[in-house]
């Protein structure tokens, strides 16, 4: 790792001002778990890092507003979200997914904002937040804008963040009554490995019929994506074995997996099919009080 | 890391081959490729810039045409070094050109490339997707150039 | 004599120190962060070194331009082979061959090979400067696969092969120049062709093991400094300080007494820190700069320093209709990487066990150490044996099933029993082959029906058993020192790298001297004070050093008893040593301190006991590869697993793991149990997912983010360990080594269980979900296309 300047602003305004540059060698630093890997490998050799650590008190709040929306501060650590009763109450899928993410040392320092801004498709929360229709608020010296997460994640390690912008809040709209969800994660190597495929599904059943379905897949694809074809196929159906099987097969046709050391593209497609079907089966099999969960 | 693709262009085979075997023209279709210089004896130097999000890598590359079988195939060897980093980019390009009919030509290419040194670990995985993207961009550029052969050949 | 210890049951008489589950002596120091590691050593004026590594797999070096690196502010110097040659004229090192240059000379042979070193007081400055060293290469054809390298006549890794002649056992092995065969071993026992002709069936299969890494959590670190008299002091995280001293002295042409090598606790070793690793380089740097120099590897660099051999094993077996193995012919190609390291010893030591723990009429074995352009391979927890057991125990199940026999019955029928000759001609003695197999059968409830499930999750079970010979011949020397107050220090070169040897050695000395193990102090390896020990490797320490410590303690005991006898007038034979003193027949009791005080007139003096152990060995006959004394003892390990296989993903989950090992006598049952399960878990990683992935010789997953090792969530639901004790006549208290025993059988046991569950056979590790699903789909006639 090469030498760099570390600046630790005390206020958001200061941080935004320091980051207001087109220079790619200036970057914000939150938990640093991902950035440090890139710096150690010299893939990225910044000249200046702007630490967001001192902004944490103002940007790590977790709350639900009167309208039932969940507000997540970007500097909340993954561990804080995992242990937050507010988050668990909103959707137990989030803390359960977090428990399988890497290890507790990483979760203690990695932040939600970094998790999203890094744009690495092998992360656990993006598919869940994508299925939950989360919005990302990004701020700069010019003001702020709200971007749906689906548009925020633009590609492999790429996001809609422009130079000088920081994530300042993540907002999740309330889940309609009766919606149940799950996150199915598949690791090809050890259990605490990055997922080879992650599928988040949220389904609302009314009188035994699927009235709403949201399915997102990550890790196997170059960015987390919603499977809209699968969702519209599911709407109005009863969750029979045939229907869920078909949903899985359909999911396989909607993705273009990238081969890597964790699996060939063909194998990843097979696994996505299985994970999509299993996520839906789990939801269908959970009793009405159940809340889904995470399986590996 | 291997990327391969096949696509058709509306252009006669001879013309397509003439195009792809002329490095000055071909280089313009390679995303991020600039400053092509003829080093003689089938060797060319160039700068290749690859970008993924905030990561930018610049390579000094040399390209050597190792096999030219007009009008159907050519092979090239690419060697590069990342600027200010210990490492090496090496690759081979196999390009075959086949007439579908008098006006249509099918181009098939296989790009096999390796990065060694510091970038060879995590860099390899970060740039994997980029490599595919560059491949399809290359195809598009080539299609565009050959669809307007007058401009491309000029 | 043999017995099986049940978990939680105290086996030894509580009065003795041997057999007591003594808690690790260093536990408190480790959990409070006080334990000494070389990593924490800081010296005034110390320079930090960073290595410039080759980015190509095979090339001639045309030139090295260090000017830009030297110009970087803060850089002290940049060193290349040219500088090394000035202090060490022949800078080639290695335990089996002197083939590895301290820094690359003229040629590089693998990606990651050290080409130059940057020195600076700030390690980050040194690191940055490594990128400014320009090396010009003329690339040569590389070769990566062991079988291709064996055949290749164009890609030759070493133009000249340079055996070291260090080990007596390797002297009969001859290299072949102008090939990539570093060394070969052949065994011919009986008329193999005639035996195959007698067989009703002949089976031939090829199995492969992948390249994996030791990955100790403390990467290798070495600090070297010159002393006031110009001698060298090397602080190093080494498993073999004695060897380091000999080798560094040889390189410098110095006597051994001018080189001092010391170590501390190691954060794991597993074979990664054996023989000589960074020491020659760092010693040379200290000599060149006349300053203390430190080099510590990163996790990434560990992957380029030493690995475990990938291996291809072709095994042909002839059996009769009733399931007797009558002939076996086994060929093994070991992927040694660019430098021999200890590969030739692996080739021979593992080579001769390739027929397995079976009684076979005629055996033919060929084993080849092959150079390739990959990072060097050495010893890793098992010295190559797990790669062989993978082959012969996978095949054992294939044969049993083809014959319609139960896999356990097939093994029972062929198992090699004590008193019968092993394929090498050495008569099996005091080895728990039958005992381990029977205990495995009992623990696995093998005679009970087993529910294989239906639907998506299928269940299966499998067993495997392997034997390993001890590396031989090797020597251990120990001193036991009774200080003037009667307290005791043990001076031994065994390195405690987490395996608990300090505690075991204390127990042995304490048992002989009538002390509490907790009161014995173990002095850590320092060639200035501790005597010679070959190395801490190959499960040899309990047996070899255990014997040396026992003999040293006996020697001290005899001396203090003699002193007491002289003082009291009793016959030495009538005196009893207990509780840190000597009891006389008249009911008196004299502490060791009191005896010494009486001798010296005050609290003064020492009683020094010396023990030296060197087992009998006969090197293999150069014609037949056979020997009547090939090993001082055998290690026998068996593994049983129950697995669940997901038919839709190919994922294998080990629900129950049974590890059975024969340790002769458990000096410390708690440590034995943890060594067995630790080795088993480590091998589980190598079996299920660990793999160094190469692209043109570059390791693409050289980090702990991408090269995954097992974590807590990967452990089996049920983990059981059975200790079998078949005492060895020459072992200290009957004990044998146990550190690698748990590694032996796991891989084939899992593959056999997968077959039992879903009827699919995998021939190559790791058994990744993709490989399993692909094989299953191929069997079902439904593959998939890559997108």
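The values are calculated or read from the model by the stated rules, or taken from the named source; none is laboratory data. Please read these numbers as outputs of a predicted model, since none were measured by experiment. Here Cβ is always computed from backbone atoms with ideal geometry, including for glycine, and neighbour counts include all displayed protein chains.
Points to keep in mind about this one:
- Matching residues in the range C:438-468 - criterion: being touching a helix residue (DSSP H, G or I) at 6+ places or on another chain (Cβ under 9 Å) and buried (at least 22 other Cβ atoms within 10 Å of the Cβ): C:440, C:444, C:460, C:461, C:462, C:463, C:464, C:465, C:466, C:467, C:468
- Residues that are at pLDDT below 95, farther than 30 Å from residue C:445 by Cβ and outside the structural domain of residue C:422 (by TED's automatic domain parsing) number at least 2 in none of the strands (runs of 3 or more DSSP E) confined to the range C:572-670.
- Check on residue C:678, away from chain A (no Cβ under 14 Å) and part of a loop (DSSP other than H, G, I, E, B): no
- Only one entry in B:110, B:93 is within 16 Å of the chain's Cα centre (by Cα), surrounded by 19 or more Cβ atoms within 10 Å (Cβ to Cβ) and either without any contact (Cβ under 8 Å) to a residue 12 or more places away in the chain or more than 7 Å from every other protein chain (Cβ to nearest Cβ) (or both), namely B:93.
- Within the range A:55-68, the residues that satisfy the criterion of being in contact (Cβ under 8 Å) with a residue 12 or more places away in the chain and surrounded by fewer than 15 Cβ atoms within 10 Å (Cβ to Cβ) are A:58, A:61, A:63, A:67, A:68.
- Search result, residues across the range A:208-220 that are surrounded by fewer than 23 Cβ atoms within 10 Å (Cβ to Cβ) and within 14 Å of chain C (Cβ to nearest Cβ): none
- Which listed residue is surrounded by 15 or more Cβ atoms within 10 Å (Cβ to Cβ), more than 16 Å from residue A:114 (Cβ to Cβ) and out of contact with any helix residue (DSSP H, G or I) (no Cβ under 8 Å at 6 or more places or on another chain), from A:24, A:85: A:24
- Answer residue from the range C:749-768, given it is farther than 19 Å from residue C:452 by Cα and touching a strand residue (DSSP E or B) at 6+ places or on another chain (Cβ under 7 Å) and is surrounded by the most Cβ atoms within 10 Å (Cβ to Cβ) among those: C:765
- Listed by position, the strands (runs of 3 or more DSSP E) inside the range A:129-207 whose residues that are modelled with pLDDT of 95 or more, surrounded by 18 or more Cβ atoms within 10 Å (Cβ to Cβ) and within 14 Å of chain C (Cβ to nearest Cβ) number at least 1 are A:179-186, A:197-206.
- Filtered residue count, the range C:693-709, keeping only those that are touching a residue at least 12 places away in the same chain (Cβ under 8 Å), at the interface with chain A (Cβ under 10 Å from one of its Cβ atoms) and surrounded by 21 or more Cβ atoms within 10 Å (Cβ to Cβ): 3
- Criterion: more than 14 Å from chain B (Cβ to nearest Cβ) and either touching a helix residue (DSSP H, G or I) at 6+ places or on another chain (Cβ under 7 Å) or surrounded by 15 or more Cβ atoms within 10 Å (Cβ to Cβ) (or both) - qualifying residue of A:19, A:101: A:101
- Of all the listed residues (A:254, A:282), the sole one being within 14 Å of another protein chain (Cβ to nearest Cβ), more than 23 Å from residue C:776 (Cβ to Cβ) and surrounded by fewer than 19 Cβ atoms within 10 Å (Cβ to Cβ) is A:254.
- Qualifying residue in the range A:274-282 (condition: at pLDDT 90 or above and within 30 Å of residue C:699 (Cβ to Cβ)): yes
- Scan of the range C:746-787 for residues that are assigned to a helix (DSSP H, G or I) and facing chain A (nearest Cβ under 10 Å), ordered by number: C:769, C:770, C:771, C:773, C:774, C:777
- The range C:710-743, subset closer than 17 Å to residue A:189 by Cα, touching a helix residue (DSSP H, G or I) at 6+ places or on another chain (Cβ under 9 Å) and assigned to a loop (DSSP other than H, G, I, E, B), residue nearest to the other protein chains (Cβ to nearest Cβ): C:710
- Just one of the numbered conditions (1) assigned by TED's automatic domain parsing to the domain that holds residue A:116; (2) assigned to a helix (DSSP H, G or I); (3) farther than 13 Å from residue A:126 by Cβ is not true of residue A:231: (1).
- Which numbered condition residue A:247 misses (of (1) assigned to a helix (DSSP H, G or I); (2) within 14 Å of chain C (Cβ to nearest Cβ); (3) buried (at least 19 other Cβ atoms within 10 Å of the Cβ)): (2)
- Counting only residues that are more than 34 Å from the chain's Cα centre (by Cα) and either part of a loop (DSSP other than H, G, I, E, B) or more than 12 Å from chain A (Cβ to nearest Cβ) (or both), the range C:108-143 holds 11 of them.
- Within the range C:72-91, one or more residues are farther than 21 Å from residue C:283 by Cβ, in contact (Cβ under 8 Å) with a residue 60 or more places away in the chain and either surrounded by fewer than 20 Cβ atoms within 10 Å (Cβ to Cβ) or in contact with a helix residue (DSSP H, G or I) (Cβ under 7 Å, 6 or more places away or on another chain) (or both).
- Residue within the range C:408-418 that is modelled with pLDDT of 95 or more and either touching a strand residue (DSSP E or B) at 6+ places or on another chain (Cβ under 6 Å) or outside the structural domain of residue C:384 (by TED's automatic domain parsing) (or both) present: yes
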